[in-house]
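Okay, structure first, notes after.
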Amino acid sequence: MSLEAPMIIVNFKAYAEAVGEGALRLAKAAERVWKETGVTIAVAPPATEIGAVALATEIPVLSQHIDPVEPGSYTGHITAEEVREAGAVGTLLNHSERRLILADLGLAVKRARDAGLVTVVCANNTPASAAAAALSPSYVAVEPPELIGTGIPVSRARPEVVTSTVEAVRRVNPGVGVICGAGISRGEDVGAALRLGTLGVLLASGVVKAKDPEAVLTEMASHALGR
């Protein structure tokens with residue numbers, strides 16, 4: 001299963017609301033919005049919940065991270081093969097809360113690609129996004145870390161970061177898609193991101209910690225469709 005634009009990727013992080021039955025409730029809400037609107041809603045649950053979420057839904061499931069290692073004697077590591085067998089179709093990499101050095105990031109992208117996984121590499125600014133694009137991931141997600149979790153959307157507070165990233169990534173590797181994140185919490189934030197040239201958004205608390213995650217996703221999907 002591939003990711004298709006416009007897309008909304010919901011990172012469950014390690015929030016208490018996204019464990020066990022909570023993870024399934026969130027994923028089921030995302031699935032209903034996808035079926036009702038046609039907008040791709042992908043989720044990135046904790047590693048322990050990937051199998052259950054993938055089994056219970058039809059939406060794309062991503063891992064939050066993989067380690068740049070092959071299957072073998074690596075206690076506590078997460079391999080590309082493990083998340084693929086659990087049901088994930090891709091993985092986030094280099095989130096600001098789980099950063100990798102460049103050499104490890106490059107190897108992790110290759111390991112994921114060899115395993116048939118979609119890769120979404122996070123970067124904190126335009127130069128880092130351009131460097132990430134040179135590794136040929138599927139997507140680069142630009143996320144200024146100072147805006148993460150603030151409710152202040154990058155697509156409206158720092159639009160120049162988004163547009164410059166779209167241009168820089170296109171110059172380095174036109175085959176890499178660009179999405180944006182940090183502070184995305186409302187439908188208009190998603191619409192703004194798409195108008196700036198991205199293919200979608202990456203967000204977390206705006207949905208995971210919302211009183212009504214399904215209503216939030218429905219509004220976001222509506223704006224993603226230009227309504």
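The values are calculated or read from the model by the stated rules, or taken from the named source; none is laboratory data. Keep in mind that this is a model prediction, so the values were computed, not measured. Note: ideal-geometry Cβ built from the backbone for every residue, glycine included; neighbour counts use all protein chains shown.
Failed condition for VAL33, given (1) free of Cβ contacts under 8 Å to residues at least 24 places away in the same chain; (2) among the hydrophobic types (A, V, I, L, M, F, W, C); (3) in contact with a Leu (Cβ under 6 Å, 6 or more places away or on another chain), with all others met?
Exception for VAL33: condition (1).
Results for (1) closer than 17 Å to LEU3 by Cβ; (2) crowded, with 22+ Cβ neighbours inside 10 Å; (3) modelled with pLDDT of 95 or more, shown as yes or no for each residue.
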| position | (1), (2), (3) |
| --- | --- |
| ALA133 | yes, yes, yes |
| ALA141 | yes, yes, yes |
| PRO145 | no, no, no |
| VAL154 | no, yes, no |
| GLU167 | no, no, yes |
| LEU225 | yes, no, no |
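Of a type in the set (Gly, Ala, Ser) and under 23 Å from SER136 (Cα atoms): is that true of GLY76 in this structure?
So GLY76 fails the test.
Taking into account only those residues within segment 169-191 that are of a type in the set (A, V, I, L, M) and crowded, with 22+ Cβ neighbours inside 10 Å, which is nearest to the chain's Cα centre (by Cα)?
Checking each candidate, the answer is ILE179.
Working carefully through the options GLY38, GLY51, find the one that is on the phi < 0 side of the Ramachandran plot and either at pLDDT 95 or above or not basic (Lys, Arg) (or both).
After applying the criteria, what remains is GLY51.
Quick check, is PRO137 touching a Ser or Thr at 6+ places or on another chain (Cβ under 7 Å) and without any contact (Cβ under 8 Å) to a residue 12 or more places away in the chain?
So PRO137 fails the test.
Checking the conditions here, which among PRO46, PRO71 is farther than 27 Å from SER205 by Cβ, at pLDDT 95 or above and surrounded by fewer than 24 Cβ atoms within 10 Å (Cβ to Cβ)?
PRO71
If a residue has to be surrounded by fewer than 19 Cβ atoms within 10 Å (Cβ to Cβ) and under 20 Å from ASN11 (Cβ atoms) to count, how many in segment 78-89 make the cut?
So the answer is 3.
Among the numbered criteria (1) aliphatic (A, V, I, L, M); (2) in contact with a strand residue (DSSP E or B) (Cβ under 6 Å, 6 or more places away or on another chain); (3) within 17 Å of VAL10 (Cβ to Cβ), which one does ILE66 miss?
Condition (3) is where ILE66 drops out.
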